[in-house]
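The values are calculated or read from the model by the stated rules, or taken from the named source; none is laboratory data. Note that the coordinates shown come from a computational prediction; the quantities given were computed from them, not determined experimentally. Virtual Cβ from ideal backbone geometry, glycine too; neighbours counted across all protein chains shown. These area figures cover heavy atoms from the full protein model, side chains too; ligands, DNA and RNA do not enter into them. Shrake-Rupley method; radii C 1.70, N 1.55, O 1.52, S 1.80 Å.
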Amino acid sequence: MTEVKYISRVATPRNKASFSNSVKSNLLKLWYSRGNKISMSIGVLGYATIFTIGLLNFNGAPSLSFYTAAWKMIGLFMVILGISASANEYSHNTMRNTTLSDPVRVRNFFAKLTAVGIYSTVVSVILSLLGIASYQLFAQTNQPVQQADLIALGYFCVVLILLTILGTAIGYLVRSTAAGIGIATFLMLVIEVLTLIPLDFFREELSRFFLSRLVDSVVLPEHMSAIILPEFSQGTSLLLFFFIYPLMFTILGLIRYLKTDI
């Protein structure tokens with residue numbers, strides 16, 4: 001009698017736990033999530049539509065810089081995307097399965113961040129291309145796109161990617177979509193209330209490092225930054241200061257993920 005051998009499909013090299021397989025798995029989750037598709041479609045198309053309407057009704061010479069200046073609208077969508085990518089797994093009780101699929105938690109954690117980064121990169125590039133297309137088609141001016149505007153658009157993409165990673169890290173830290181959105185809203189909007197305190201430390205010193213102030217200085221072209229935020233200069237150095245936010249929450253989220261039960 002011939003012995004029948006059963007070989008587990010999971011045990012094959014193609015399906016073994018690895019960083020690339022974890023990234024692929026997380027990308028598929030993001031891609032097939034109906035909520036992500038709906039929210040990103042609304043965010044991207046809505047943002048481009050508002051910019052187009054502004055171009056059609058703008059008195060004077062329009063600029064592509066107005067596309068990056070309103071970053072907070074789409075920025076909130078990107079942060080929520082990141083938060084839902086991690087926090088929803090806790091609320092839907094799927095994080096245990098995700099962790100068991102790749103028991104090396106550090107690798108699993110960074111695979112999630114990598115997948116979110118890839119997904120947000122695609123969204124950011126599409127968003128930027130829509131902005132350039134809208135400007136070329138509907139701007140009532142013969143002035144070409146300025147180099148400063150294109151540089152600001154590049155920074156705009158990087159900021160959106162980092163905001164999405166920031167949201168993912170916050171989701172790992174608090175394990176709640178509602179709490180994560182609350183923290184993100186505080187960092188992006190509510191913290192500005194501190195400038196109402198009649199002390200120079202809050203109004204002049206501390207406010208320079210608020211997330212929204214740093215992003216404004218990064219994504220606005222040089223000629224607009226000089227008008228709105230004269231104390232800053234646009235450049236990579238400010239982007240590095242902004243990078244502290246996602247880095248800090250990534251470390252905290254990783255510690256929470258490694259040290260606590262799922």
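What ranking of ASP200, ASP102 comes out by heavy-atom accessible area, probe 1.4 Å, highest first?
Working: ASP200 105, ASP102 0 Å².
Ranked from most to least accessible, the order is ASP200, ASP102.
Of the solvent-accessible surface of the chain, computed with a 1.4 Å probe and all protein chains present, 67% belongs to carbon and sulfur. Computed from label points 7 Å out along Cα-Cβ, the spacing between ASN142 and ASP261 is 7.3 nm. Heavy atoms of the protein chains alone define the surface here; on that basis the chain has 53 Å² accessible area per residue at 1.4 Å probe size.
Here the label points at VAL122 and ARG34, each 7 Å from Cα along the C-beta direction, are separated by 2.0 nm in the simple model.
Rounded if a/c is under 1.5, else prolate if a/b beats b/c, else oblate: with a ≥ b ≥ c from the C-alpha gyration tensor eigenvalues square-rooted, which is the stretch 141-200?
Numbers: a/c = 3.48, a/b = 1.49, b/c = 2.34.
Note, shape of the stretch 141-200 comes out oblate.
Between rounded, prolate and oblate, where does the stretch 24-102 land on the alpha carbon gyration tensor, with a ≥ b ≥ c its root eigenvalues, rounded for a/c under 1.5, else prolate if a/b exceeds b/c? In terms of gyration-tensor shape, prolate. The amide H of SER63, built 1.01 Å from its N in the peptide plane, has no neighbour under 5 Å, considering only residues 5 or more places off or on other chains.
Can you compute the charge dipole magnitude of the chain about its Cα centre, using +1 on each Lys and Arg Cβ and -1 on each Asp and Glu Cβ, nothing else charged? Give it in debye, rounded to the nearest 20.
Working: 19 positive and 12 negative charges, 288 e Å.
Magnitude of the dipole: close to 1380 debye.
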